[in-house]
Amino acid sequence: MHKLLLLNGPNLNRLGAREPTHYGRTTLSDIETRLRERAGARGAELVAFQSHSESALIERIHAAAEEGVDAALFNPAAFTHTSVALRDALLAADLRFVEVHLSNIHAREPFRRHSYFSDIALGVISGFGALGYDLALDAALAHLESPPEGN
Ligand code: DQA
């Protein structure tokens, strides 16, 4: 059974209320519940974690490696554009992940266009709102079930 970690960074606990024109009306708890069910229906297990703290996210990534998590679905939120430490944590833990953004980070302010994660992610899903998490789950499981050559 594949184990997945749904990891969300700062301010994403406010989904549903936070800037709905960018992030939609779906709450984080709706997303977590839906993803757990979607993973379960595919015979996988999903655990969810959200934090505003870079340190807590780093510790969760390290723990994931110990727990045998196969892949993460990760929305680093504002840390996307700032955090070498989180990038290094993913590399140190050797944790595969799909990078997710609700908004299209390339269609917003210039500072959002750079991500410290995209080049080390399995892939990036950005701009499809909460649906992006479902797409990321499907992509991660497809990858685990039959990894492309060279990955
Ligand atoms: C975000 C995009 C980031 O630029 C922003 O800081 C977020 C959310 C997204 O999901 O679209 O907090 O990661």
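Quick look at the numbers
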{"quantity": "Cβ-Cβ under 7 Å pairs, at least 6 apart or on other chains, region 120-132 side open to solvent by 30 Å² or more (accessible area, probe 1.4 Å), far side more than 10 Å from the ligand (Cβ to nearest atom) and assigned to a loop (DSSP other than H, G, I, E, B)", "calculated": "Leu122/Arg96"}
{"quantity": "Conditions (1) touching a residue at least 40 places away in the same chain (Cβ under 8 Å); (2) in a loop (DSSP other than H, G, I, E, B): number failed by His114", "calculated": "(1)"}
{"quantity": "Strands (runs of 3 or more DSSP E) completely within region 1-111 that count 3 or more residues being within 13 Å of the ligand (Cβ to nearest atom), in contact with a helix residue (DSSP H, G or I) (Cβ under 9 Å, 6 or more places away or on another chain) and over 18 Å from Ala139 (Cα atoms)", "calculated": "none"}
{"quantity": "Long-range neighbours under 7 Å by Cβ, at least six apart or interchain, first residue among the β-branched types (Val, Ile, Thr) within region 74-91, second more than 8 Å from the ligand (Cβ to nearest atom) and outside any helix (DSSP H, G or I)", "calculated": "Thr80/Ser115; Thr80/Tyr116; Thr80/Phe117; Val84/Tyr116"}
{"quantity": "Verdict on Ser146 being over 16 Å from His2 (Cβ atoms) and not aromatic (Phe, Trp, Tyr)", "calculated": "no"}
{"quantity": "Ala140 surrounded by fewer than 15 Cβ atoms within 10 Å (Cβ to Cβ) and of a type in the set (A, V, I, L, M)", "calculated": "no"}
{"quantity": "Candidate set: region 34-54, residues that are touching a residue at least 60 places away in the same chain (Cβ under 8 Å) and under 23 Å from Thr80 (Cβ atoms); chosen: the one surrounded by the fewest Cβ atoms within 10 Å (Cβ to Cβ)", "calculated": "Arg34"}
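The values are calculated or read from the model by the stated rules, or taken from the named source; none is laboratory data. Since this is a predicted model, take the numbers as computed values, not measurements. When we count neighbours, we look across all protein chains shown, and the Cβ atoms used for this are built from the backbone with ideal geometry, even at glycine. Side chains are part of the model used for accessible areas, which takes the heavy atoms of the whole protein and leaves out ligands, DNA and RNA. Shrake-Rupley method; radii C 1.70, N 1.55, O 1.52, S 1.80 Å.
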